[in-house]
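The structure appears right after this line, and notes come after that.
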Amino acid sequence: MNAASFERDASAVPVITIDGPTASGKGTIAQRVADHLGWHALDSGALYRLTALAVRQAGGDGSDESQAAHLARQLDVQFGAGLIRLDGQDVTHLIRQEAIGNLASRVAAWPAVRTALLARQQDFRQMPGLVADGRDMGTVVFPDAPLKIFLDADVVVRAERRHKQLRDKGISANLDDLLNDLRLRDARDRDRAHAPLVAAADAMTIDSSHIGVDQVVDQVLDLWLDRRSAHGPA
């Protein structure tokens with residue numbers, strides 16, 4: 001199959017993108033929607049967290065763009081059975097640490113890193129469909145997606161949710177520190193020159209500050225039902 005044929009085939013695969021800031025709940029929503037539809041799911045943030053972990057393991061701090069891009073291109077990653085492995089090591093929980101998340105936010109600001117991971121993300125676009133969550137899924141990675149969601153929530157609410165998640169896992173965390181970290185990450189994600197966090201022009205914005213996961217999932221599914229007639233049965 002030549003490149004043009006591959007692009008045509010890929011464009012026939014329906015995609016729902018869910019972008020939004022850290023701790024807005026987009027990962028949970030994306031997985032639930034994908035499970036309901038029987039589609040694949042892409043947690044793009046995991047790829048940046050894996051890159052950040054590789055950078056840290058190589059002794060870097062995210063300030064060297066060429067190093068980070070090189071490591072992103074060389075990632076030996078396996079996803080499956082609810083586990084994420086890097087170089088054969090189970091790093092499912094390790095990449096969810098706040099320190100790795102903060103480093104991932106810095107690494108993700110490098111254009112060379114985003115370019116290195118672009119094709120890998122697009123490879124997840126397979127039948128019967130894909131739900132992709134991240135920060136530039138609808139603007140850069142899948143700009144032709146028939147449904148784009150921008151999931152937002154008040155930063156204080158997001159900090160409280162993250163605080164509860166960490167406590168439930170037995171991890172000690174300071175709410176004020178988490179709030180400050182989220183504000184810094186939001187600014188870094190929104191202000192970066194390459195692929196900043198912004199709602200696509202044709203995205204539907206959902207504010208999850210005061211509604212639960214089930215309500216958000218229902219809203220996304222209802223929006224998809226309104227569009228799917230143009231893309232075949234889901």
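The values are calculated or read from the model by the stated rules, or taken from the named source; none is laboratory data. What you see is a predicted model, and the numbers here were worked out from it, not measured in a lab. Quick reminder, even Gly has a Cβ in these numbers, built from the backbone with ideal geometry, and neighbours come from all protein chains shown.
Residue pairs whose Cβ atoms lie under 7 Å apart, separated by 6 or more positions or on different chains, with the first residue in the range 105-126 and more than 17 Å from residue 189 (Cα to Cα) and the second surrounded by fewer than 20 Cβ atoms within 10 Å (Cβ to Cβ) and not charged (D, E, K, R), are 124/40; 125/10; 125/13; 126/13; 126/40.
Out of everything in the range 14-67 that is at pLDDT 95 or above and β-branched (Val, Ile, Thr), what residue ends up being nearest to residue 216 (Cα to Cα)? Looking at the filtered set, the residue picked out is 29.
Every residue, every condition in (1) farther than 13 Å from residue 50 by Cα; (2) over 15 Å from the mean Cα position of the chain (by Cα); (3) outside any helix (DSSP H, G or I); (4) of a type in the set (Val, Ile, Thr), yes or no:
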position	(1), (2), (3), (4)
75	no, yes, yes, no
85	no, yes, yes, no
105	no, no, no, no
118	yes, no, no, no
126	yes, yes, yes, no
133	yes, no, yes, no
144	yes, yes, yes, no
151	yes, no, yes, no
156	yes, yes, no, yes
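Inspect all residues belonging to the range 14-33 and state whether any of them is of a type outside the set (Ser, Thr, Tyr), over 21 Å from residue 215 (Cα atoms) and not in a strand (DSSP E or B). Yes.
Check whether at least one residue in the range 179-191 is closer than 24 Å to residue 38 by Cα and among the charged types (D, E, K, R), and report yes or no. No, because not a single residue in the range 179-191 is closer than 24 Å to residue 38 by Cα and among the charged types (D, E, K, R). A count restricted to the range 34-68 and to residues that are under 18 Å from the mean Cα position of the chain (by Cα), closer than 30 Å to residue 147 by Cα and either of a type outside the set (Asp, Glu) or in a loop (DSSP other than H, G, I, E, B) (or both) stands at 14.
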